[in-house]
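Novice: Here it is: the structure, laid out below.
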Amino acid sequence: MGRVFNFSSGPAVLPQPVLEKVQSELLDWQGSGMSVMEMSHRGEDFTAIATRAEAALRRLLDIPDDYRVLFLQGGATAQFSMVPMNLLREGGSADFIDTGIWSRKAMAEAARYGRVRLAGGGERNGYARVPTPDELDFDPAALYVHYTPNETIGGVEFSYVPDSGSVPLVADMSSTILSRPLDVRRFGLIYAGAQKNIGPAGLTLVIVREDLLGEPATAATPTVFDYRVYADNASMYNTPPTFAWYIAGEVFEWIEREGGLKAMGERNHRKAAKLYALLDASDFYRSPVAVDSRSWMNATFTLADEALSAAFLEGAESSGLKNLKGHRSVGGMRASLYNAMPEAGVDALVEYMREFERVHG
Ligand SMILES: *Cc1c(COP(=O)(O)O)cnc(C)c1O
């Protein structure tokens, strides 16, 4: 079987040119006589790979010099703990914007370390939209504000960056980083699991402003959860996920060759617009998300007649359109449209959906 269009939310589709390059270098990376998987993380070759990946990411996001880039493990889920372990100091409080499952998980974990306060969103919107700027109410004394720019499961995304004033803004960008241009200066700390828009699972990216790298918030913070330790050791305090790091670097360079984040943003906007236009034009399909909060990366939708869902998914599978089933907690469908999903994949999906409606509508 050839390659399918894989709409998985993560681990997700990777750019084919990257997979081909990795394949061509798999047994012998650039004359080293070994695979990147087999290299010492402290050797000259891997150091070059690591440095090159960070440099490409810095160019892409125009990361200022006073921000550090850390290559970690544990996924975004580990960051739900690592952020409060480092930033939520005794007696302090953190503000959270609650837009769905991932922000609630982050908030629940932080509550184990200190006080958390709801600064916007929550149940009352039914998680169908993100709060507007005037609905946000920040505590100026908070140690940080945490939010989830893109809720991967619900398919709601912020179209703006909240203004937290002088309070550091912390963002879980797992499913939206690199999908469009971003002003890193607006943030104190950005984190993202790699398996959506960066590379293979196992790598977690953290971009953190240097002034936030003090002593951890509590003396009990394990060394492997201390940002400063990674910053001081070039993310090699212990063995990093070397192969995932290498592939992430290849993905960063692929994005550059494709025209950078501006081109990604234009392409992603076009992809999402095509799918939402179909949803809006039809009574057969429904989008549960308010128009101004629709995700470019994870488009959720339902069939007006839910009894047709199984047939929809089955037909999609046999047409080479894979992993369209929504998250088990919300049901319905979800098409993840990350950078590596080609426009042809969205065209094929839209065509399949039109045809399914014609036959079953
Ligand atoms: C996928 C995802 C997570 C969880 O990531 P893990 O790597 O499984 O820990 C957290 N937050 C968001 C927004 C995600 O998309």
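Novice: Working with all protein chains in place, sort LYS274, LYS325 by solvent-accessible area computed with a 1.4 Å probe, largest first.
Specialist: The ordering from most to least exposed comes out as LYS325, LYS274.
Novice: Considering only the chain, what is the antiparallel percent among its DSSP beta bridges, to the nearest 5?
Specialist: In the chain, DSSP labels about 55 percent of beta bridges as antiparallel.
Novice: Leaving out ligands and nucleic acids, note down the accessible area per residue over region 260-360 with a 1.4 angstrom probe, in whole Å².
Specialist: 45
Novice: Now, a different point. Which distance in nm do the two modelled labels at SER35 and ALA108 give, with both placed 7 Å along the Cα-to-Cβ direction?
Specialist: 3.7
Novice: With label points built 7 Å along Cα→Cβ from the Cα atoms of ARG328 and ASP280, find their separation and express it in nm.
Specialist: It works out to 3.5 nm between the two label points.
Novice: Put one equal scatterer on each alpha carbon of region 136-227, apply the Debye formula with no solvent term, and list log10 I(q)/I(0) at q = 0.15, 0.20, 0.24 1/Å to two decimals.
Specialist: The calculated log intensity ratios at q = 0.15, 0.20, 0.24 Å⁻¹ are -0.66, -1.10, -1.35.
Novice: Measuring with a 1.4 Å probe in the full set of protein chains, what accessible area per residue, in whole Å², belongs to region 17-257?
Specialist: 41
Novice: On the Cα set of region 1-142, report Rg and Dmax in Å, please.
Specialist: Rg then Dmax for region 1-142, in Å: 20.9, 59.
Novice: Also, I was wondering about something else. Per the 1.4 Å probe, what fraction of the accessible area of the chain, in percent, lies on carbon and sulfur atoms?
Specialist: Heavy-atom surface of the chain belonging to carbon and sulfur, 1.4 Å probe: 51 percent.
Novice: Further question: Translational D (Stokes-Einstein, µm²/s) of region 1-73 at 10 °C and 1.306 mPa s when Rh comes from the Kirkwood sum over C-alpha pairs?
Specialist: D = 107 µm²/s.
Novice: From the alpha carbon gyration tensor of region 95-250, can you work out the equivalent ellipsoid semi-axes (sqrt of 5 times each eigenvalue) and give them in Å, largest to smallest?
Specialist: 26, 20, 14
Novice: Could you please tell me the mean projected area of the C-alpha convex hull for the chain, averaged over all directions and given in square nanometres to one decimal?
Specialist: Reported value for the Cα convex hull: 18.2 nm².
Novice: Still on this structure, I have one more. What distance in nm lies between label points placed 7 Å from Cα along the C-beta direction at ARG59 and ASP139?
Specialist: Result: 4.4 nm between the two label points.
Novice: Starting from 0 in steps of 10 Å, tell me what percent of the Cα-Cα pairs of region 260-360 lands in each bin.
Specialist: Reading upward from the zero bin: 15, 52, 29, 4, 0.
Novice: Something else about it: Lys pairs in the chain, Cα-Cα under 26 Å, at least 8 apart or on separate chains: how many?
Specialist: Taking the Cα cut-off of 26 Å, the pair count is 17.
The values are calculated or read from the model by the stated rules, or taken from the named source; none is laboratory data. Because the structure is predicted, anything quoted here is derived from the model rather than measured. Cβ: placed from backbone, ideal geometry, glycine included. Neighbour counts: every protein chain shown. Areas reflect the complete protein model, heavy atoms only, side chains present, ligands, DNA and RNA absent. Shrake-Rupley method; radii C 1.70, N 1.55, O 1.52, S 1.80 Å.
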